[in-house]
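Coordinate-derived values only; no laboratory data. For clarity, every value in this text was computed on a predicted model and none was experimentally measured. Cβ: placed from backbone, ideal geometry, glycine included. Neighbour counts: every protein chain shown.
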Amino acid sequence: MATAKEKKEEVKKHLKKMRSELRTIHLAVTDELKLPEAKNIKDLMTQMEELLFVIDPKTKKKK
C-alpha cells in the first residue's frame, strides 16, 4: 500500500501532465479556433479516471 506521501507525489504527477495537455488544447481552441481531437479528450478522461483511482482505490470504473 502506498504511503500518503507517495500518493501525493503520484497525484501531482498526474495533475501536471493533465494541466499541460489541457493548456495545449485550450491554446488550440482559442488561438487557432480548432476543436480538439476526440482521441485527446478520451485520453484526458482516462487520465482523470486513473487519478481518481489513485485518490480512492475503491472507485470502480464505469463503462
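Points to keep in mind about this one:
- If you go through the range 1-26 and pick out every residue that is surrounded by 11 or more Cβ atoms within 10 Å (Cβ to Cβ) and not in a helix (DSSP H, G or I), you end up with 1.
- For the range 27-47, filtered to residues that are of a type outside the set (V, I, T) and either touching a Pro at 6+ places or on another chain (Cβ under 9 Å) or surrounded by 13 or more Cβ atoms within 10 Å (Cβ to Cβ) (or both), the residue that is nearest to K8 (Cα to Cα) is Q47.
- Cβ separations smaller than 9 Å between residues 6+ apart or across chains give the following pairs from the range 1-20 residues that are without any contact (Cβ under 8 Å) to a residue 60 or more places away in the chain and closer than 23 Å to I41 by Cβ to residues that are assigned to a loop (DSSP other than H, G, I, E, B) and not acidic (D, E): E10/A2.
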